[in-house]
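Sharing a structure with you now.
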Amino acid sequence: MTTRTAGGPKGETLTDELKRGLDAPICLTWELTYACNLACVHCLSSSGRRDPNELSTAEVFGLIDQFAAMQVFYVNIGGGEPMIRPDFYDLIDHATSSGVGVKFSTNGSRIDASGARRLAAMDYTDIQISIDGADAATNDAVRGEGSFATATAAMDHLAEAGFGPFKISVVMTRQNIPQLDAFEALANRYGAELRLTRLRPAGRGADSWHELHPQPAQQVDLYNWLIERPHVLTGDSFFHLNALGDQNLPGLNLCGAGRVVCLIDPVGDVYACPFVLHDEFKAGSVRDPGGFAAVWRTSDLFRSLREPQSAGACASCGQFDACQGGCMAAKFFTGLPLDGPDPECVTGHGEAALAGVSAGARPEPTLNHSKPSPVAFITKPRR
Amino acid sequence: MACAVSTEPPGAAQSHPARRPQTSPVLAERLRLHPRVALRPEPFGALAYHYGNRRLNFLRSPDLVRLVDDLGNHPTVEAALVACDIDPSRWPSFTRALASLAASDFLETVEP
């Protein structure tokens, strides 16, 4: 998202205004299904099996009509693997013809040559292909055997179909931060845009986070790399790194949860952001009377998130203006208080705080659609 | 939300040149909202979204929103400022905002 501002009263920053919330979200993530053919070890939504209570096609169409009435300019569609839904193309068509743009994330498994041609012919559809390594070994350790080949085959099909600049979306991990230049080269080879986002300890990521999250020196590398490349997309997810230098990374530099961001899950439950699929952050359901608009505008949870938040233990830190205390979801799922440092606080306060988290203090997940087979980070040595 | 026709007599703005501290070349241009831009009212003004270049823009003043929405109905930016009853002391900040919106294609020039 590229953002600019025009006008504005003196003394009041845009961030101040956005913290009080908007009439409709800027960035709405909509997970269409919990079904997925992959079983990534860091899946935020613990996806795998379809939920029997998934929104029907009629409900999905009705929800798109609500988005259009609220002037939600675009939705970020994900899952699970959203293309698994049999009505996937129908709902994309309905959204784009209603003035609701679609950006969707996929593992690429459903993009063959004819699928790519169909997508290339669509107006206002952006595609993000997810990979988590610049080579098969690094990627497949997180996303499963063969998933790198599947993703790159989809990229080949999109390129052959003349789709134009799709996005390559990567979650930054300890294992792939050394590959930043390789990701850039891969994107350049396809004429694609690179999108890097932060690993969150949510969903199955709560179990793999300790093995995957970047180390402090890598956070510095990542910050410096991004500062030199303001065109690389980040979904504003690295504002906790802003305390590493004088310059802020491009973006709004705030936690948008319930203020400018929210998530709708496959059964229509509305959460404060894509990284907090947990009952504590559930604001309501699009199936409630009043639909999505009522949840967004009047739910108790979202109203409270739009109140001034306490900096808590971070209030005395000189870096608070830069990092804003970091990510609510990262704190919550690692058992840290929400008004304290982020677990990956660049001044090191997070490590100290994590050391003080007692066993069993981490919240139990309230959702899990994982397939019965165990999901584990592959640690076998590379050739 | 088109601006009401100014209740001031024609030429009123020009009759107080001292209140206009500086002039911008934007004043003489004929601009309008790009047809692929949508405005969504918000408490601070409006969010503008360009379906073509996928950019988002924050219009942080209700008066600026009124003006942007009404630009296409006037032969020049200056005429639109007058019609929207924007005090000439605020024109410099408005012309700066319009120039920035034009630079990111949110506004387009209407050919004579």
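No value in this document is a laboratory result; all are computed from the given coordinates. On a predicted model such as this, the values are computed, not experimentally measured, just so you know. Every residue, glycine as well, gets a Cβ built from its backbone with ideal geometry; the counts of neighbours run over all protein chains shown.
Measure out, as a whole number of angstrom, how far apart the alpha-carbon centroids of region B:39-112 and region A:139-212 sit.
Result: 39 Å between the Cα centres.
How much FRET efficiency would the formula 1/(1 + (r/R0)^6) give for A:Leu354 and A:Glu193, where r is the Cβ-Cβ distance and R0 is 35 Å, rounded to 0.05?
0.55
If you don't mind, another one. For region B:34-103, just the Cα set please: Rg and Dmax, both in angstrom.
Gyration radius and largest Cα-Cα distance of region B:34-103: 11.7, 34 Å.
To continue, here is another question. Evaluate the distance, in nm, between pseudo-label points positioned 7 Å from the Cα of A:Ser373 and of A:Met122 along their respective Cα→Cβ axes.
Calculated label separation equals 2.8 nm.
With the crude spin-label approximation of a point 7 Å out along Cα→Cβ, what separation in nm comes out for A:Asp93 versus A:Arg110?
That separation, rounded to one decimal, is 1.5 nm.
Treat each spin label as a single point 7 Å out from the Cα along the C-beta direction, and report the A:Leu338 to B:Asp105 distance in nm.
Distance between the two pseudo-spin positions: 4.0 nm.
State whether chain A is rounded, prolate or oblate according to the following rule on the C-alpha gyration tensor (a ≥ b ≥ c being the square roots of its eigenvalues): a/c under 1.5 gives rounded; otherwise a/b larger than b/c gives prolate, and the remaining case gives oblate.
Rounded.
Go through region A:192-246 and name the GluC sites (Glu not before Pro) that are in a DSSP coil and have 15 or fewer other Cβ atoms within 10 Å of their Cβ.
Here the GluC sites (Glu not before Pro) that fit, given the DSSP loop and packing criteria, are A:Glu228.
How big is the charge dipole of the protein assembly as shown about its Cα centre, in debye rounded to the nearest 20, if each Lys and Arg gets +1 on its Cβ and each Asp and Glu gets -1 on its Cβ?
That gives a dipole near 280 debye.
Continuing with the same structure: Hey, got the dipole for region A:1-153? About the Cα centre, +1 on K and R Cβ, -1 on D and E Cβ, debye to the nearest 20?
Charge dipole, region A:1-153, about its Cα centre: 220 debye, nearest 20.
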